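The block underneath contains the structure these notes are about, expressed in structure tokens.
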Amino acid sequence: MASLSLQPKFSLHPNNSILHFHPQNKPQIIFFTRKVKIKTKTKCSSIDPQQQQQKQRESFTRKKKSVTETEKGVDPVGFLTKLGITHKAFAQFLRERYKSLKDLKAEIFTRHLNLQEMASGFEILGTHRHKEHRVDYMDWAPGARYCALVGDFNGWSPTTNAAREGLYGHDDYGYWFIILEDKLREGEEPDELYFQQYNYVDDCDKGDSGVTIDEVFQRANDEYWEPGEDRFIKNRFELPAKLYERLFGPNGPQTIEELGEIPDAETRYKAHKELHKDDPPSNLPPFDVIDNGKEYDIFNVVVDPAWQEKFRNKKPPLAYWTETRKGRKAWLKKYTPAIPHGSKYRVYFNTPDGPLERVPAWANFIQPDAEGKQAYAIHWEPPPEYTYKWKHTAIKPPKSLRIYECHVGISGSEPKISSFNDFTEKVLPHVKRAGYNAIQLIGIVEHKDYFTVGYRVTNFFAVSSRYGTPEDFKRLVDEAHGLGLLVFLDIVHSYSAADEMVGLSRFDGSNDCYFHTGKRGHHKYWGTRMFKYSDLDVLHFLLSNLNWWISEYKIDGFHFHSLASMLYTHNGFASFTGDLEEYCNQYVDNDAVKYLILANEILHALHPNIITIAEDATFYPGLCEPTSQGGLGFDYHVNLSASELWLSLLKNTPDHEWSMSKITSTLLGNKNYADKMLVYAENHNQSISGGQSLAEILLSQGNDKAPQSNELLLRGSSLLKMIKLITFTIGGRGYLNFMGNEFGHPKRVEFPMPSNNFSFSLANRCWDLLEKEGVYQDLFRFDKDMMKLDKNEKVLSRGLPNIHHVKDTNMILMKDTASVWTKPASIRSY
């Protein structure tokens, strides 16, 4: 869909990964066979047609090379060349993907002005307050036959606010459009100006100025136009009407003979100038026709420089038009909002299978199923005095990332769901005090079932209402920025919840609206729905979703969850040997790969400081390489193997048998991308998904989790410190820690679900442990000192660590000028 409100700053040419303008229709080069005469001072010679064609082809080839050179070194297999990898099949796969991506961008440009517009659908889709005292609603449902908006504002009537064929119906792509006019209050007269606009936010206390439309227009004519300049505005059809009258009117020539010979352009121009020689200067034509004496250029039209400069400097009279705009007070006095703030609503469709109701896909505030009631969207349009006012500006990304991963719902110490405000007031100061420079939020996007941790998203544009309102979340982000913390969002575009009423599944009654049909449309093991990334409207939805979180909530980056689920048709549930053939075979979803490339290109072009993080257990080749070199364009990738290694060693291998070489190789990962790697000592899945945290293993014993003796506690905490220190100093450019693990949280996380009678006893964090002197406070101080180590000594940002010596027999690991020596009963650091 096109948006008139967007400024066409740039677009993404299909031949280039750099954003710039793109012409809709490319001119074709056609070579004509003809003789060309060249006029010189001495003689006239003839050139053979074949020689002329050859010269034209050479000229076109030079231009083509010049265009290619301006693509800033785009090479579909560039990262393979850089790494010295030769693999014919994969290189061919990259070249074909590059061509396919160009075709995809060309197809996008047939419907969108540029990729900025492609990623800004939220500006027109969903419900939006229009300046002309109305609310506009737009949604995509190509399988529907009828669309209406139902809610408590119209008694849930499916006929009051509807879109039908011929009445704001839908376009050829299946986008439905509904206008909901504000209701005129009793005793009020309709606006004098048909297109009367109101300012609902800025100068919201402004009422009706009392100035009439005629007065504003009269002043515009008097002040803006100079004498004679408004003649064309008032009489724009004067010249063509006179010409038509002269040629085809009753007094015009009736035959070709009566028409006579039409004078040439120069004669007509001179006659026109002679006729108007006594006119005011402003009415004289600002052009002159000059004969340069060239055969191929009979007359050259030259513009008067003074007039041209004056015309360019003249700004459109928008100030007079905006002066007619009235304030919020005048609007509320005259009208009742069509959809009041806080109204509950759904979208009603009539489909081939019958009527159905859905929560709008682009709604930004949702109330999921609660207490047996059906889900509905909430119209969020708070008065200006209640909207959040941003206080802090965005933060420049640091050279190293110390990320504190957290879940708002379990961030409190009480057995309940915590709110955005609780998190802002209690957890953010703790994160700052602990020395981290970024937070990564899990489960923020609306999801129906709390126990899914937020990974089965139902409404992609809405913050979860169980934590608070959109204004509360804005405050959280703003306060984090004020503390110098970046805010990353865990985004799930690899799949979606299978819920129908509140989710996207069978949104318009069809099975292939947003998702694939058949087996491919469902996750192999999780039952979630898989997006159809080849569909332009699905791409429009997902790309706009990414841009929405940045534009609306000032998010600093995204952690793309479970990329393996979307990159492969087997959803990543296959064995990988590392052969490049596994990344270019028939199981690779090339459409998903192209979506990720588009997402990174658009995000980094629109928001240069944005950070994108890839979570891919298979580590797809080129994950963090530039898109211009055949990569996917992510800034960082997460090394999931490190945390799995530590968990496996603690559970299955006595610590005196640990292999230092295996630990080192796992932490270093792929040396070519070590500076793009983020690493956990333990990730949240270990303690959330029915497992145990490292502290739970090391600081308790037996099935009853009884506390250990002081000696064993000291040994366990020392080993936990060593695991963290080794991971922190040998891992990549960033370090991640899940909320509570910095002080060795003794309990796992278990969300309320039927299996535990919906208990909240384990769905919280024991912050009170930090108030008592002991092992937990000691672990927290150690973790805090590690963060200081990076802040002061740049441990993470130094790049690839230099491992001098690794010896398994003596369990010695030496990095730079420091060594770490582990023994079964104690740990020493040198």
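On full extension of the chain, what length is gained from residue 385 through residue 110, given 0.36 nm per residue of separation minus the C-alpha to C-alpha distance? Mind showing how you got there, number by number?
Details: separation 275, 0.36 × 275 = 99.00 nm, distance 4.19 nm.
Going from the current span to full extension adds 94.8 nm.
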Full extension between residue 805 and residue 350 adds, at 0.36 nm per residue less the Cα distance, a length in nm of 156.8 nm
Cα centroid of region 305-367 to Cα centroid of region 592-667, whole Å | 42
Once all protein chains are kept in place, residue 311 shows an accessible area at probe 1.4 Å, nearest 10 Å², of 130
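Counting Lys and Arg as +1 and Asp and Glu as -1, each charge on the Cβ, what is the dipole of region 401-816 about the Cα centre in debye, to the nearest 20?
On the way: 39 positive and 49 negative charges, 128 e Å.
That gives a dipole near 620 debye.
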For region 104-200, run through the GluC sites (Glu not before Pro) and keep only the ones in DSSP coil with at most 13 other Cβ atoms within 10 Å of their Cβ.
-> 165, 186, 188, 192
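Please identify every one of the chymotrypsin sites (Phe, Trp or Tyr not before Pro) in region 561-644 that sits in a loop by DSSP and has no more than 12 other beta carbons within 10 Å of its own beta carbon.
Working: sites: 568, 573, 576, 583, 587, 595, 619, 634, 636; in loops: 573, 576, 587, 619, 634.
Taking region 561-644 and a limit of 12 other Cβ atoms within 10 Å, the loop chymotrypsin sites (Phe, Trp or Tyr not before Pro) found are 573.
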Stretchable slack from residue 770 to residue 512, in nm (0.36 nm times residue separation minus alpha-carbon distance) = 87.7 nm
Whole Å is fine, so just give me how far the alpha carbon centre of region 379-408 lies from that of region 462-476.
-> 11
Amide H of residue 637: which non-local residues (sequence gap of 5 or more, or other chain) have their own amide H closer than 5 Å, using H built in the peptide plane?
-> 614, 677, 678
Once phi for every residue in region 378-389 is put through the Karplus expression 6.51 cos²θ - 1.76 cosθ + 1.60 (θ = phi - 60°), the whole-Hz ³J(HN,Hα) values, with Gly and Pro written as x, are 10, 6, 9, 9, x, x, x, 6, 10, 6, 6, 9
Under 5 Å between amide H atoms, partner at least 5 residues away or on a different chain: which partners does residue 146 have, H built in plane at 1.01 Å?
-> 350
With x for Gly and Pro, the residue-by-residue ³J(HN,Hα) of region 647-659, computed from phi through the Karplus equation 6.51 cos²θ - 1.76 cosθ + 1.60 at θ = phi - 60° and given in whole Hz, is 5, 5, 5, 5, 8, 10, 10, x, 5, 7, 10, 5, 9
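To the nearest 20 Debye, how big is the dipole of region 596-705 about its Cα centre, given +1 on the beta carbon of each Lys and Arg and -1 on that of each Asp and Glu? All intermediate terms of the calculation are to be shown ahead of the outcome.
Working: 5 positive and 12 negative charges, 25 e Å.
Computed charge dipole of region 596-705: roughly 120 debye.
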Determine, from the Cβ-Cβ distance of residue 274 and residue 179 and an R0 of 56 Å, the FRET efficiency 1/(1 + (r/R0)^6), rounded to the nearest 0.05.
-> 0.55
Residue by residue, what Karplus-based ³J(HN,Hα) values in Hz, rounded to whole numbers, does region 741-755 have, using 6.51, -1.76 and 1.60 with θ = phi - 60° and x for Gly and Pro?
-> 6, 5, 10, x, 3, x, 10, 6, 9, 9, 6, x, 7, x, 5
Using modelled amide H (1.01 Å from N, peptide plane; none on Pro or chain starts), what sits under 5 Å from the amide H of residue 376, excluding residues fewer than 5 places away?
-> 367
What translational D, rounded to a whole number of µm²/s, comes out for region 401-816 from Stokes-Einstein when the hydrodynamic radius is the Kirkwood one over Cα pairs, at 4 °C and 1.567 mPa s?
-> 58
At what distance in nm do the modelled label points of residue 793 and residue 309 sit from each other, each positioned 7 Å from its Cα along Cα→Cβ?
-> 6.5
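The values are calculated or read from the model by the stated rules, or taken from the named source; none is laboratory data. The structure presented is a predicted model; accordingly, all values stated were derived computationally and were not measured. Glycine gets a Cβ as well: all are built from the backbone with ideal geometry, and neighbour counts include every protein chain shown. Ligands, DNA and RNA are stripped out before the accessible areas are found, and what is left, the full protein with its side chains, is counted by its heavy atoms. Shrake-Rupley method; radii C 1.70, N 1.55, O 1.52, S 1.80 Å.
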